[in-house]
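The values are calculated or read from the model by the stated rules, or taken from the named source; none is laboratory data. The shown structure was predicted, so the numbers you read here are calculated from the model rather than taken from an experiment. Positions of Cβ are backbone-derived with ideal geometry, glycine not excepted, and every protein chain shown enters the neighbour counts. The protein model used for the area step is the full one, side chains on, heavy atoms only, and it has no ligands, DNA or RNA in it. Shrake-Rupley method; radii C 1.70, N 1.55, O 1.52, S 1.80 Å.
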Amino acid sequence: PVCSMGNSTSRLYSALAKTLSSGAVPQHQDCLEQLDSARLDPIDPKDLLEQCQMVLQKRPPRFQRNFVNLKENAVSNHRPIRVMQWNILAQALGEGKDNFVQCPMEALKWEERKCLILEEILAYKPDILCLQEVDHYFDTFEPLLSRLGYQCTFFPKPWSPCLDVEQNNGPDGCALFFVKDRFELINSANIRLTAMKLKTNQVAIAQTLKCNETGRLFCIAVTHLKARTGWERFRSAQGCDLLQNLKSITQGAKIPLIVCGDFNAEPTEEVYREFSNSSLNLNSAYKLLSPDGQSEPPYTTWKIRPSGECRHTLDYIWYSQHALNVNSALGLLTEEQIGPNRLPSFHYPSDHLSLVCDFSFNQDPDRLL
């Protein structure tokens, strides 16, 4: 059980193995007891990283990705806020539904793949972490990340496709984590997205946080829109609904906003244009990596399924460009690093790349809340 986790390296290793390889979601009462006890015992991130690396010692080392500095002479009166966006690939879908024909099943084993996911998170140390396709929240991410100092929120899909897979670990959904020492939670909303006035299977979490260092408020949201070709109008309607909710939460953009998500939409889609042209004055952070600052990356997901090779840009970090600056962004993996069998792989745990940005508040006094 989670409560057996201790401070010593051997106990941490044993608990990591147990916590992360457990099967079904624990019963509700047991789960609450475990989570309460978990919060009492902080974990040193260096210890956890070392234990992950021990589990992964037979795998190739992590790829190096470098941050690109986007504000040469940025002046800020506070430490940047690091935001990480990542569709981590639900375990049930990776093993049971997605059919990555070039990825060996051995590479998808949860006992090791979970450590690759944790290694990626620990390497970049985000202040705010936005995840999609989380189906091991209660037995892995909440117990461990809460003990690393994060406040954790999870909102599952009402009808998760994970539940169709035998020996699943419960529904997948969106999860949002923020470092409690840096931020205070002011308001939290779980949003079930609608399309054409109908409730859908897609969700979002939106939280208003206060930055303890500056006293500034901002809103962080995470979402995962409907997948698949042919659902473009549906995604557009979901995007409109999310924007309406966010307009209300941010008081019409008075509160700065960051939206992370797997939109399942290329930049050519209507939902992308809705976010670009919204009255919330949003820009896509990863456009800033392009030479002209106007083009999205060539891909954020790259996989091979029976139907063929899929290389798409679907993941985004949107931000209030009048109120926030993007100081730096993490470069993507190159085609050479990804390799001919694409993602996921022994090197990388998901079919989507993580996106990481460092933000600072605009210092224009007229913009202060």
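Summing Lys and Arg as +1 and Asp and Glu as -1 over all other residues whose Cβ lies under 12 Å from the Cβ of Ser307 gives a net charge of +1. In the context of the full set of protein chains, residues of the chain present 43 Å² of accessible surface per residue (probe radius 1.4 Å, heavy atoms only).
Counting 0.36 nm for each residue step from Ser276 to Arg192 and taking away their Cα separation leaves a gain of 28.0 nm.
Here the accessible area of segment 237-321 is 47 percent carbon and sulfur, with a 1.4 angstrom probe and all protein chains present. The helix-only estimate of mean residue ellipticity at 222 nm for the chain, built from DSSP H runs of length n ≥ 4 each weighted as -39500 (n - 2.57), is -7500 deg cm²/dmol after division by the residue total.
The packing ranking of peptides 59-68, 76-85, highest mean first, is 76-85, 59-68, where packing means the average number of other beta carbon atoms within 10 angstrom of each residue. Taking the Cα centre of segment 36-147 as origin and assigning +1 to Lys and Arg Cβ atoms and -1 to Asp and Glu Cβ atoms, the resulting dipole is close to 460 debye. Bridging of Lys210 to lysines at a Cα separation below 30 Å is possible for Lys46, Lys71, Lys125, Lys157, Lys180, Lys247, Lys254, Lys287, once same-chain residues fewer than 8 apart are set aside. With a Förster radius of 22 Å applied to the beta-carbon distance between Gln321 and Val68, the computed FRET efficiency rounds to 0.80.
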